[in-house]
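For reference, the structure discussed in these notes is given below.
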There are 2 protein chains.
Amino acid sequence: MLKIGILGGGQLGRMLLQAAANYPVETLVLENDTECPAAHLCHHFVKGDIRNFNDVYNFGKTLDGITIEIESVNVEALEKLENEGVKIYPRPSALRIIRDKILQKQFYKENEIPSPVFRITEKKDDLKKFYDFLPAVHKKASGGYDGRGVQVLSEEKDLHLGFDQPSVLEKKVDIHKEISQIIAINASGQTALYPAVEMIFNQTLNQLDYQLSPAEIPQHTSWRVEAIALKVVKELKSPGIFAVEIFIDKNGDVLVNETAPRVHNSGHHTIEANFSSQFDMLWRVMLDYPLGNPKHIVHAAMVNLTGSEGNSGNAVYEGIDEILKMENIFLHLYGKKETRPGRKMGHITILSPEKSDLVYKAKIIKQKFRIISHQSQITV
Amino acid sequence: MLKIGILGGGQLGRMLLQAAANYPVETLVLENDTECPAAHLCHHFVKGDIRNFNDVYNFGKTLDGITIEIESVNVEALEKLENEGVKIYPRPSALRIIRDKILQKQFYKENEIPSPVFRITEKKDDLKKFYDFLPAVHKKASGGYDGRGVQVLSEEKDLHLGFDQPSVLEKKVDIHKEISQIIAINASGQTALYPAVEMIFNQTLNQLDYQLSPAEIPQHTSWRVEAIALKVVKELKSPGIFAVEIFIDKNGDVLVNETAPRVHNSGHHTIEANFSSQFDMLWRVMLDYPLGNPKHIVHAAMVNLTGSEGNSGNAVYEGIDEILKMENIFLHLYGKKETRPGRKMGHITILSPEKSDLVYKAKIIKQKFRIISHQSQITV
């Protein structure tokens, strides 16, 4: 029985482990937080820092394979492990490209993968010479995550908001749609492409409202999305699963925003809505089984459940009953004890053949479901 | 967060725990085997004997709820726990009826639930007076499981094969089809009926070949199956999930064979083929959430994966690759270290809108997939 380790014990690890129990595999998790979402679902929990060389190396040296939950892991240790014969999904070489936004942008450019044009800045002062490049988005080369480390610079007077560390300045795209294309690729280079999904943003709050699967895009755009995402994944030269995040601009052009070399938030709906989920698919890759069927069974929407504003502390869920009494609602709570404003605490997948039904239920969830802290429940 | 315990740590517990990770619930398992299929997927594993009063009582006394994986648990301890306010799914009163085949048959009779006619025998000698009742099936009142404790008595000369302990002698039914109807019922008495499934037996080997969902039965039969199974579940007066096993005889009559008061082998396909799986549904009952949607999404077949004849020892799986390269095959291996002839080691669900495709793939699985012991793999 193969021994596979996961670096990180959050919700992605949790869902990977739910899927792992279908297969003959011994599972391990490396994570500092002993009460993390994945801690109780693995065969062996190892307390340690995924960014520390020794912790990662010692965790991995007796394993057959390793995957990641997050990009900020110790790549040097993974390289040493790979040299010693441990299979890493994704390969450290791919991870090195992706985890540094400068290298990632250069990778797209070198491989003629369409992506927003960019400039590199080493320090904040460098921004001055690019005032005619605005409006643009300034992104830290490393350390950014879930919207952090990203700053919109609309006009010259915004330049002081930029980062004083190596960063990428990306020409702002006039976005028509944001799309995610998930692709699995195995060691033989065979690929499985999920139907692309579409992110619907709340314009007022500037946050993800919900996600639709499959995306509503014309077939010629869909072909372009698939071809470009496939090129990204093939050029990364690594088995694993990848989420290629894509902008479709107002001219209909397809541009790669960024790539995640792992199971991804935009693939959560695949648990219920597609034949083989992204988690099932990654196990098939890692256990060297034939790839699964990525096609969708039913149309779906996915809503992230995040901690409500102004609430920090022990999580309390409001509205579960009202949500679950609607038909074909699939709740996934990640078992995080503490809520914080905007923290991803769970998600809900909605299945329906009718888009109007999906959108209606997504809105109801946004209205009725709240994650507050224990304190505020008592005082309200 | 509610604390719910499972008595028994086999595959049913394993699949319950895979589903539990979607909900805010703290899970515990009581089981003697520390390497059982469910051991590593719960929050707290407690080593102990589910048939021992003290073990069950001590396990349960700090919990909010308890469910079972198997009927042979200590009912007295569950009764005491129920009196002290712990919710038991199913209630001990229902469990008492079901775990004793004599009480179960009397329950059907008292409630005018159609079921094969029967006689009660206390000892083997009693069979003599029922020679004109043959052909019949002799079933031990307690201790039978998965076909054990059951003996067909076709003619007078077979009478010596009967059991010398309290048993039920059931008139043999001229079976046309064997059906399972799974029903969930919550504390308010609301019910959710899964589409009935049909068991297809291999006539030569006299074992389950595969299972089809939904069953191919005329609508008036389906209505009768649902009405009768619903009557069984309502008269048991207990929340939980129940599998009512039913014979349809050659005259088209619908007769209850027996009832299982728990998640059941005949509901495994619901993980992929139905909106809310039997495991998800039981959590909804236990956590007092609205019931899920039991309807099927796609037609399905389910094949049990059992240990090959002549093989005992550390399990080795043959044919996984060949099976998984077929489309829409869902493998579930239960992680049991040791295989034995006929032991349930896993199952496969096949999804397809075409019956011919389901049957074809079920046959291929039967031919190609083998579970052998490590020893025989080396010597072959």
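Just so you know, all these numbers are worked out from the coordinates, no wet-lab data involved. Owing to the predicted nature of the structure, the values given are computational and were not obtained by experimental measurement. Cβ atoms come from the backbone with ideal geometry, glycine included; neighbour counts cover every protein chain shown.
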Pseudo-spin-label distance A:N52 to B:E338, built 7 Å along Cα→Cβ, given in nm, is 4.0 nm
Using Cα centres only, tell me the gap between segment A:196-266 and segment B:64-79 in whole Å. 49 Å
Give me the one-decimal nm value for the distance between modelled label points at B:D132 and A:L103, 7 Å along each residue's Cα-to-Cβ direction. 9.0 nm
For segment A:2-89, projected area of the alpha-carbon convex hull averaged over all directions, nm²: 4.8 nm²
To the nearest 20 debye, what charge dipole does chain B have about its Cα centre, counting +1 at the Cβ of each Lys and Arg and -1 at the Cβ of each Asp and Glu? 140 debye
Work out Dmax and Rg for segment A:175-379 from the C-alpha atoms and quote the Rg first, both in angstrom. 17.7, 58
Can you pick out the pairs among B:K250/B:K337; B:K336/B:K368; A:K47/B:K368; A:K109/A:K361 whose Cα atoms lie more than 31 Å from each other? B:K250/B:K337; A:K47/B:K368; A:K109/A:K361
The set of residues whose placed amide H lies less than 5 Å from the amide H of B:I297, leaving out same-chain residues fewer than 5 positions away, is B:N274, B:F275
Just check chain B against the gyration tensor rule for me: Cα atoms, a ≥ b ≥ c as the square roots of the eigenvalues, rounded for a/c under 1.5, and otherwise prolate or oblate depending on whether a/b exceeds b/c. rounded
Of A:L255, A:S167, A:H220, whose Cα points farthest to the positive end of the dipole of chain A (charges on the beta-carbon: +1 Lys, Arg; -1 Asp, Glu; origin at the Cα centre)? A:S167
Spin-label point model (7 Å from Cα, Cβ direction): what's the A:H176 to B:K368 distance in nm? 4.3 nm
Report, in deg cm²/dmol and to the nearest 500, the calculated mean residue ellipticity at 222 nm for chain B, where each DSSP H run with n ≥ 4 adds -39500 (n - 2.57) and the sum is divided by the residue count. -7500 deg cm²/dmol
Within straight cross-link reach of B:K105, meaning Cα distance under 15 Å, which aspartates and glutamates are found once same-chain residues fewer than 8 apart are removed? B:E122, B:E170, B:E235, B:E245, B:E258
A:H138's amide H: which non-local residues (gap 5+, or another chain) put their own amide H closer than 5 Å, with H modeled 1.01 Å from N in plane and none for Pro or chain starts? A:Q151, A:V152, A:L153, A:E170
Relative contact order (%) - criterion: Cα under 8 Å, at least six apart; region: chain A: 13 percent
Cut-off 9 Å between beta-carbons: net charge of the residues surrounding B:L30, Lys and Arg +1, Asp and Glu -1: -2
Kindly give the semi-axes, whole Å and largest first, of the ellipsoid equivalent to the protein assembly as shown, taking each as the square root of 5 times a Cα gyration tensor eigenvalue. 52, 27, 25
Cβ neighbours within 10 Å from other chains - mean over B:1-8: 1
Enter the mean projected area of the convex hull around the alpha-carbon atoms of segment B:293-347, in nm², rounded to one decimal. 4.8 nm²
Checking rank on A:66-72, A:221-227, with mean other Cβ inside 10 Å and highest first, the result is A:66-72, A:221-227
Normalized C-alpha radius of gyration of segment A:117-171, against 2.2 N^0.38 Å? 0.97
